[in-house]
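The values are calculated or read from the model by the stated rules, or taken from the named source; none is laboratory data. None of the values given here were measured: they were computed from a predicted structure. For neighbour counting, all protein chains shown are included, and Cβ atoms are generated from backbone atoms with ideal geometry for every residue, glycine included.
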Amino acid sequence: MTEPRNNCLICGGELAYADTLEPKMCNYCGQDFESQAVCTEGHFIRDVCHASPAIEIIRKSCQHSTSLNPVRLATGIMKHPAVKMHGPEHHFLVPAVLLSCYYNRTGQRDQLEEKLAQAEKRSGFIPGGFCGSHGNCGAAVGTGIFISLVTGYLYIPEQGH
Ligand SMILES: [Zn+2]
Ligand SMILES: [Zn+2]
């Protein structure tokens, strides 16, 4: 990873170093961890999350988020260096943020983990470069995955049809 470590991943602000170790909640996974470094806006990211691959960051962030705003949630996740400008991780990112905010809104967070796992599996059927070969962005197909999951359509094709 060549990303400079001296600015906040979430807001780009400068990191400030406290004199003592204090428990901080990671902005991606929601876990508490002791750290001396936080940005001036109070964001904190554990090293393990800083170095996580895109799918893991999407899964963890959407599992712990209490957001009701999927665009804001997606934007925060897309700032992570593992989430590329173009890449098949967006096929999972879209249904994941929609599921997270939907279940936060309906108060059914107990369903979130299983639905996120289903979304991860289904979005895995959409290959990279799908827009070029099928005329529809894989991330847009992700909105259909979201609707299928919240309306209870549970069939998963084995052979792609
Ligand atoms: Zn920040
Ligand atoms: Zn974390």
Here is a list of conditions, (1) more than 25 Å from G152 (Cα to Cα); (2) within 16 Å of ligand 2 (Cβ to nearest atom); (3) among the β-branched types (V, I, T), and T40 meets all of them except one; can you say which number that is? (2)
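If I filter region 16-31 down to residues being under 21 Å from S61 (Cα atoms) and over 18 Å from the mean Cα position of the chain (by Cα), which single residue comes out as farthest from ligand 1 (Cβ to nearest atom)?
Checking each candidate, the answer is P23.
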So which residues in region 43-61 are touching a Lys or Arg at 6+ places or on another chain (Cβ under 8 Å) and near ligand 2 (Cβ under 7 Å from one of its atoms)? C49
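Report yes if some residue within region 118-138 is under 30 Å from S35 (Cα atoms) and assigned to a helix (DSSP H, G or I); otherwise report no.
Scanning region 118-138, I find no residue that is under 30 Å from S35 (Cα atoms) and assigned to a helix (DSSP H, G or I), so the answer is no.
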In region 114-154, what residues are among the aromatic types (F, W, Y) and in contact with a Pro (Cβ under 6 Å, 6 or more places away or on another chain)? F146
So which pairs qualify, if the first residue must be in region 129-142 and closer than 17 Å to F92 by Cβ and assigned by TED's automatic domain parsing to the domain that holds V97, the second must be of a type in the set (A, V, I, L, M) and surrounded by 15 or more Cβ atoms within 10 Å (Cβ to Cβ), the Cβ gap must be under 6 Å, and the two must be at least 6 apart or on different chains? G138/I126; A139/V94; V141/I126; G142/V94
Can you tell me which residues in region 1-50 are aliphatic (A, V, I, L, M), surrounded by 15 or more Cβ atoms within 10 Å (Cβ to Cβ) and touching a residue at least 40 places away in the same chain (Cβ under 8 Å)? L9, I10
Checking G13 against (1) more than 14 Å from ligand 2 (Cβ to nearest atom); (2) in contact with a helix residue (DSSP H, G or I) (Cβ under 6 Å, 6 or more places away or on another chain): exactly one of these is not met. Which one? (2)
Verdict on G76 being within 16 Å of ligand 1 (Cβ to nearest atom) and out of contact with any strand residue (DSSP E or B) (no Cβ under 7 Å at 6 or more places or on another chain): yes
